[in-house]
Amino acid sequence: MARRLVGKVWARAEFVLWSLRNPGRPFKDFYADSIACAFANRKQHASLGPNLKPGSARRSKGTFDWLLKQGVQPHDVVVDYGCGTLRIGAYFIQYLDADCYVGMDIDDRILSVGRSLLPRALIESKRPTLEVISPQSIDCIVARAPKWVFSKGVVQHIPPDDLHDYFLNISRLVHAGATGFFRTRTAPVAKRISTKTWVHGVGQLKAIALCYGIALRRVDAQRSIFKLTPADRGDSVPNFKSVKESYAKMSVNP
Ligand SMILES: C[S@@+](CC[C@H](N)C(=O)[O-])C[C@H]1O[C@@H](n2cnc3c(N)ncnc32)[C@H](O)[C@@H]1O
């Protein structure tokens, strides 16, 4: 009980202390700084960097195989949104034709490590696009008419206040014709479980996605994978007030 309380307090304090040193910078910069620090210290990580925890590579191959089964073809343009250091991206770069893989993430330090882990010959032959997420880079990718966008293990690292940007960007790709998938844990009641991790509520994710004309449907319960498609008239309009209220209670800034 006491340990859990200390953990909760620390989860908030870490970001608050960072914010005092970095006034005005968003949570995603805090996330990127702490990952860059973990790289510098050669820390083992579950999904990022050269030093992955045991089992991580096997799980990423499982995700790649699952996505292929949805019908991805070698000539399709595929966007890996929150690609990290290309744990899954490397499989796609090998599988797809040249100029078909697009990896997007919040910070160039993360993308650079991913690039450095790829064999040079693969980069030269497949020419993957690696972009920092911004309105301009989303415009450029929309113009390439992506067929698929997937986002693995990303949503849980986005604080409630920032989910709108996430769904805005993903919705632009989906409305441009891409079929979307994301994978994340969810809970009946949203909660913050560590400094950089939330478990969001399905109802809340659905409601925010609908603000951008996107319908969410869980297509694999075991893996907690959701499919994103353009919403149609039958998709009910969410109760924005209750969504806002429930997330306001757990704003990233305590
Ligand atoms: C747990 S890692 C998963 C990386 C990769 N998808 C994988 O499965 O190997 C989470 C990734 O989400 C990215 N991320 C964090 N906040 C984000 C945001 N607001 N928008 C997009 N990506 C974000 C992080 O930089 C990080 O690369």
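The values are calculated or read from the model by the stated rules, or taken from the named source; none is laboratory data. Owing to the predicted nature of the structure, the values given are computational and were not obtained by experimental measurement. When we count neighbours, we look across all protein chains shown, and the Cβ atoms used for this are built from the backbone with ideal geometry, even at glycine.
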For this session: Restricting attention to the range 162-184, report how many residues are out of contact with any Gly (no Cβ under 7 Å at 6 or more places or on another chain), more than 12 Å from the ligand (Cβ to nearest atom) and hydroxyl-bearing (S, T, Y).
Result: 1
Exercise. Residues A187, A207, A215, A221: which one is at pLDDT 95 or above and not aromatic (F, W, Y)?
Worked result: A215
Exercise. Which one is nearest to the ligand (Cβ to nearest atom), of the residues in the range 32-52 that are in contact (Cβ under 8 Å) with a residue 24 or more places away in the chain and part of a loop (DSSP other than H, G, I, E, B)?
Worked result: S47
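Does at least one position in the range 87-96 carry a residue that is within 9 Å of the ligand (Cβ to nearest atom) and either of a type in the set (S, T, N, Q) or closer than 26 Å to R25 by Cα (or both)?
The answer is no, given that none of the residues of the range 87-96 is within 9 Å of the ligand (Cβ to nearest atom) and either of a type in the set (S, T, N, Q) or closer than 26 Å to R25 by Cα (or both).
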Exercise. Would a scan of the range 119-133 turn up a residue that is within 11 Å of the ligand (Cβ to nearest atom) and either within 20 Å of K28 (Cα to Cα) or β-branched (V, I, T) (or both)?
Worked result: yes
Problem set entry | The lone exception for V219 - which of (1) surrounded by 19 or more Cβ atoms within 10 Å (Cβ to Cβ); (2) outside any helix (DSSP H, G or I) it fails | (1)
Exercise. Of all residues in the range 1-31, which are within 14 Å of the ligand (Cβ to nearest atom) and in a helix (DSSP H, G or I)?
Worked result: F15, F27, K28, D29, F30, Y31
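Yes/no matrix, rows are residues, columns are (1) modelled with pLDDT of 95 or more; (2) buried (at least 23 other Cβ atoms within 10 Å of the Cβ); (3) closer than 27 Å to C37 by Cβ:
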| site | (1), (2), (3) |
| --- | --- |
| G84 | yes, yes, yes |
| L96 | yes, no, no |
| C100 | yes, yes, no |
| M104 | yes, yes, yes |
| R109 | yes, no, yes |
| V113 | yes, no, yes |
For this session: Considering each of V77, V149 in turn, give the residue that is away from the ligand (no atom under 11 Å from the Cβ), β-branched (V, I, T) and touching a helix residue (DSSP H, G or I) at 6+ places or on another chain (Cβ under 6 Å).
Result: V149
Problem set entry | Residue list for the range 75-114, filter: part of a helix (DSSP H, G or I), among the acidic types (D, E) and under 15 Å from F64 (Cα atoms) | none
For this session: Find the residue count for the range 115-132, including only residues that are part of a loop (DSSP other than H, G, I, E, B) and surrounded by 18 or more Cβ atoms within 10 Å (Cβ to Cβ).
Result: 2
Exercise. Does F64 fit the bill of being touching a helix residue (DSSP H, G or I) at 6+ places or on another chain (Cβ under 9 Å), modelled with pLDDT under 95 and part of a helix (DSSP H, G or I)?
Worked result: no
